[in-house]
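Reviewing the structure listed below.
The values are calculated or read from the model by the stated rules, or taken from the named source; none is laboratory data. Owing to the predicted nature of the structure, the values given are computational and were not obtained by experimental measurement. Backbone-built Cβ (ideal geometry, glycine too); neighbour counts: all protein chains shown. What goes into the accessible areas is simple: the full protein's heavy atoms, side chains included, and nothing from ligands, DNA or RNA. Shrake-Rupley method; radii C 1.70, N 1.55, O 1.52, S 1.80 Å.
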Amino acid sequence: MKPFEYDIENIRILTFEMLDLVKDQIHLTKEALLTSDPELSGEIMRKEKRVNSYEISIDREIEDFLALQAPVASDLRFAMAVLKISSSLERIGDHAYRISSYVFEDDFKITKDIVEILHIPTMFDEIDDMLINITDAFESGDIQLAKRVFKQDKFLNKINKKLPSIVQDYQKKSKKTDVEYLIYLSRIVGKLERCGDMIKNIAEEIIFYYESKVIKHRKKNKQITRKLEKSENN
Amino acid sequence: MNYRSETQELIMKKDTMDTPVETNETKKPKKDQEYKIITRNLDVFYGEFQALKNINMKILPYSVTALIGPSGCGKSTYLRVFNRMNDYIDDFRIEGDVIVDRKNIYTEKIEIEQLRKDVGMVFQKPNPFPKTIFENVAYGLRIQGVKDKHFINEKVESSLKQVTLWDEVKDNLKKNALALSGGQQQRLCIARTLAVEPEVILMDEPTSALDPISTGKIEELLFDLKNEYTIVIVTHNMQQAARVSDHTAFFYMGDLIEEGKTTQIFTKPSNKRTENYITGRFG
């Protein structure tokens, strides 16, 4: 193994460790939220410091790698991709931390009747599966696996989009008027949806690394063009 | 048009969405007349050994083209083809076309001295003559029979200024060139080449014997010189090729494996051997 290959291997190991830690954080957050367990929430908050440390470590390793090895081609794409992957993972960790803090600090207790209506366990499971998919895709270079998360992200977006009407229906049926409770629910669903976006960004970086294809913003740019054209025609 | 150029186009367009922008993909393919150097089906032999195999390549004017590859790959042989420097080697034989400025330099009647004036060369080790600084730069002009002292004085000054050596030596022009530092000597050799107003400058590892500061000065110089000259450089330094060149060609065992824009070669090479070489995984 050449010296720079040791550096790449070291960065890869750190990235997979960070992925595993974030997966674990999501798993624990689901449990802490559904069981309203403040002790577990505290553990998640403590682990958040480790997630942040991983991001800083990866940043430093990549800074050294760029300065000392001056990588090109696939090695350069690897470094660029990992920088963004670790940043996205850190943000997923942040969302897990925030959700846990509702239980730990604000004594938020979710009621069972709303959990299923909002598909919260399903959202957590989907995120868990998405993280597994990107981990495998990053390890094996299986682009189809990376692309699978785009569909999964759409599913999360759909739930988030339906949130206002679901909450409204729930409010009518249950006659709950606790606005603060409903705001917390909206925040949780919103954060889970953002986790999906972050994982989608990671998948885009994996595709960039392996295939040198830039696909981010493509669909959104097309949508903007269509909307602008439509308004011009009107 | 690919997604990368689409996004580039959007940035360039800014708010004037209706301004047409020329991107790499929309540019028309160039005609042969627009290239400074063209090689077609080029084979080079040293006796029985074939040093270059069927090389087809076109070099644009006013650009820096880097030739890279491991030792013995044929890149220096290819460089020396352009001003017929290989002619001195025993058993050297060439087949195919080498066209410089629309002239086939191996089949058409050309004067070698004129060719070497038009296609100047800078070597790995600085090789100033054991003469004064002034005489080193004036040498080519004198060989050409230029006698006008005023013209020679002006040419020496402008050439030394072009290589940013003037301020360092203007008070010591009668000093022996061999007393200069290695980096200064190399810049002097480039000034000597520029004094006879070449069209093309060939550089065979021009900085490999220099320290980083002198190397930096030569690289800076290349950046300025490409506005007036066509430069072809052989280098073993990958980062130098990436920094200074517009186009890069990768040679391996006499074959031209891949050539293209330097940004393309160093970010997304299409050939696995190129990728392995530039990333240091070769061999």
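Relative to the longest principal axis of the Cα atoms of chain A, helix A:120-140 runs at roughly 10 degrees.
Across the range A:197-205, rounded Karplus estimates of 3J(HN,Hα) from the backbone phi angles (6.51 cos²θ - 1.76 cosθ + 1.60, θ = phi - 60°) give 4, 4, 5, 4, 4, 5, 4, 5, 5 Hz, Gly and Pro being marked x.
Note on the range A:4-220: the alpha carbon radius of gyration divided by the globular reference 2.2 N^0.38 Å gives 1.10.
Taking B:Lys53 as the anchor, which aspartates and glutamates have their alpha carbon closer than 16 Å to its alpha carbon, excluding any fewer than eight residues away along the same chain? Cross-link targets: B:Asp43, B:Glu95, B:Asp97, B:Asp255, B:Glu258, B:Glu259. Can you tell me the 0 to 90 degree angle between the C-alpha axis of helix A:38-69 and the longest principal axis of chain A, rounded to 10? Between the helix axis and the principal axis of chain A, the angle is about 20 degrees. Averaged over the residues of B:271-281, the number of partner chain Cβ atoms lying within 10 Å of the residue Cβ comes to 3. Between 0 and 90 degrees, the angle of helix A:218-233 with respect to the longest Cα principal axis of chain A falls at about 60 degrees. Projecting the Cα atoms of A:Gln168, A:His217, A:Leu76 onto the dipole axis of the range A:4-220, where Lys and Arg carry +1 and Asp and Glu carry -1 at the beta carbon, places A:Gln168 farthest toward the positive end. Note on the protein assembly as shown: semi-axes of the ellipsoid equivalent to its C-alpha gyration tensor, largest first and rounded to whole Å, are 63, 24, 22. Only lysines eight or more places from A:Lys2 in sequence, or on another chain, were considered; those with a Cα closer than 19 Å are B:Lys272.
Within the same chain, aspartates and glutamates fewer than 8 places from A:Lys49 are excluded, and of the rest, those with a Cα less than 18 Å from its Cα are A:Glu17, A:Asp20, A:Asp24, A:Glu39, A:Asp59, A:Glu90, A:Asp94, A:Glu105. Shown here for the range A:53-161: trypsin sites (Lys or Arg not before Pro) in loop regions (DSSP other than H, G, I, E, B) with at most 15 other Cβ atoms within 10 Å, namely A:Lys109. Each part reduced to its alpha carbon centroid, the range B:199-265 and the range A:1-44 end up 45 Å apart.
Our Cα-only numbers for chain B put the radius of gyration and Dmax at 20.4, 63 Å. With the charge dipole of the range B:73-206 set up from +1 on Lys and Arg Cβ and -1 on Asp and Glu Cβ about the Cα centre, the Cα lying farthest toward the positive end among the listed residues B:Asn83, B:Leu173, B:Val100 is that of B:Leu173. The charge dipole of the range A:4-220, taken about the Cα centre with unit charges on the Cβ atoms of Lys, Arg (+1) and Asp, Glu (-1), comes to about 1440 debye, rounded to the nearest 20. Largest first, the extents of the alpha carbon coordinates of the range B:48-144 on the three principal axes equal 44, 32, 32 Å.
In a shell of Cβ-Cβ distance under 13 Å around A:Ala81, excluding A:Ala81 itself, what net charge do Lys and Arg (+1) and Asp and Glu (-1) give? Charge balance near A:Ala81 sits at +1. With contacts defined as alpha carbon pairs under 8 Å and 6 or more residues apart, what's the relative contact order of chain A in percent? For chain A, the relative contact order is 24 percent. Counting only Cβ charges, +1 for Lys and Arg and -1 for Asp and Glu, the dipole size of the protein assembly as shown around its Cα centre is about 1400 debye.
Beta-bridge orientation, the protein assembly as shown: approximately 60 percent antiparallel, per DSSP, counting only bridges with both partners inside.
Between the alpha-carbon centres of the range A:54-125 and the range A:160-192 there is a gap of 25 Å.
Here the simple spin-label model places points 7 Å from the Cα toward Cβ, and for B:Glu95 and A:Leu228 these points are separated by 5.7 nm. Cross-link pairs exceeding 24 Å between alpha carbons, from the set A:Lys30/A:Lys158; A:Lys112/A:Lys147; A:Lys112/A:Lys158; A:Lys30/A:Lys151: A:Lys112/A:Lys147.
The B-A contact accounts for approximately 1200 Å² of buried accessible area, totalled over both chains at a 1.4 Å probe radius. Sequence-distant contacts, meaning Cα pairs under 8 Å at least 6 residues apart, place the relative contact order of chain B at 24 percent.
Which entries of B:Lys174/B:Lys226; A:Lys23/A:Lys161; A:Lys213/B:Lys261 show an alpha-carbon separation above 21 angstrom in the structure shown? B:Lys174/B:Lys226; A:Lys23/A:Lys161, as the Cα separations exceed 21 Å there. Scanning chain B for GluC sites (Glu not before Pro) lying in DSSP loops with no more than 12 further Cβ atoms inside 10 Å, the longest uninterrupted stretch between such sites is B:112-283.
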